[in-house]
1. Could you pull the accessible area for B:PHE128 with a 1.4 Å probe, rounded to 10 Å²?
2. Could you work out the mean count of beta carbons from other protein chains within 10 Å of each residue's beta carbon in B:24-34?
3. Please give the solvent-accessible surface of A:LYS30 in Å², to the nearest 10, using a probe radius of 1.4 Å with every protein chain present.
4. Ignore the peptide's own chain and count Cβ atoms of other chains within 10 Å of each Cβ in A:28-35; give me the average, rounded.
5. Apply 1/(1 + (r/R0)^6) to the Cβ-Cβ distance of B:THR124 and B:SER76, taking R0 = 25 Å, and write down the FRET efficiency to the nearest 0.05.
6. What does the buried accessible surface come to for B and A, summed over both chains, with the probe at 1.4 Å? Round to 100 Å².
7. What does the highest-first list of B:35-46, A:16-27, B:16-27, B:76-87 look like by mean Cβ count within 10 Å?
8. Averaged across A:7-19, how many Cβ atoms of other chains sit within 10 Å of each residue's Cβ atom?
Amino acid sequence: MEFKNFKDLADYEIAKNGELPRQVKHNVEKNINLFSFMGDIVDTYLPKIISIFVGVSGGDMSKAEEKINNKKKSEKYPNQL
Amino acid sequence: MLETPNRLKQLSDEEVIVRYLDSQKRVYFNILYDRYSNKIFAKCISILKDETKAVDASQEIIIKLVTNLSKFGGNSKFSTWVYSITYNYCIDILRKTKKEQLLFKDESAFNENIPEDEDDVFLTEIMFDRLKILIDKLDETERALLLMKYQDDMMIKEISSIMQITESAIKMRLKRAKDKLKKFYTATFDD
């Protein structure tokens, strides 16, 4: 069954309410870049922190680092603008 | 490889998403933003009926969409996924602000055999000008329900997971919303 009147209502609402304020796009981009930056930090320092823990607890640091690096390579990068 | 603006416009949502996830280029984000931001905004206003809240909600929804883009499995249309997140977010706001929690209580005890498409013929026959008056007379939840079902063609199962109530409760609520709309119609347009 075709609900053309409901689809027309959607078009009407979009036309009536106009565009989202420009500031919103700016805020969204800022937020996404922040998430991406935090992702970079975690990517850079997490392996080092883990390998320090492994070293302190008496494990083989190089093996742990290698494992983390291999995992990192296979993962997709978080969203970034 | 650089794509021409015309070619970019022709890309499907799914193609844009793949390109965005692969390259993280702003141009692909812009396409998705241009295609959906105003639709999300309009939907937020029509549910929340408050422009300031709708702007804030739209911003949060778009951030949520972009950061979860890799989770879009392609099982449904991208627009359906976008609107599910939009409804979900708005319903959550309503849930937090509404004191009347009864609106969201589980009504699983209701009759399971409510026909989903009862009164649908009546709905298709309401003139657009009249529909926009009538739909505003319904409360937020009822309005959201009807929009999910008849504007965005969502399945009862999808609506049920957004509203977090059983499928039979959704059918019951839809029936009530349609009955109410019918009543308003008779009271407002006596022809």
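The values are calculated or read from the model by the stated rules, or taken from the named source; none is laboratory data. Just so it is clear, the structure is predicted and the values come from calculations on it, not from any experiment. A quick note on method: Cβ atoms are made from the backbone with ideal geometry, for glycine too, and the neighbour counts reach across all protein chains shown. Accessible surface areas use protein heavy atoms only, side chains included; no ligands, DNA or RNA. Shrake-Rupley method; radii C 1.70, N 1.55, O 1.52, S 1.80 Å.
1. 60
2. 3
3. Approximately 120 Å² for this residue.
4. That average works out to 4.
5. My answer for the efficiency is 0.60.
6. Chain pair B/A: roughly 3400 Å² of buried accessible area.
7. Peptide ranking by packing, descending: B:35-46, B:76-87, B:16-27, A:16-27.
8. Whole-number average of other-chain Cβ neighbours for A:7-19 is 6.
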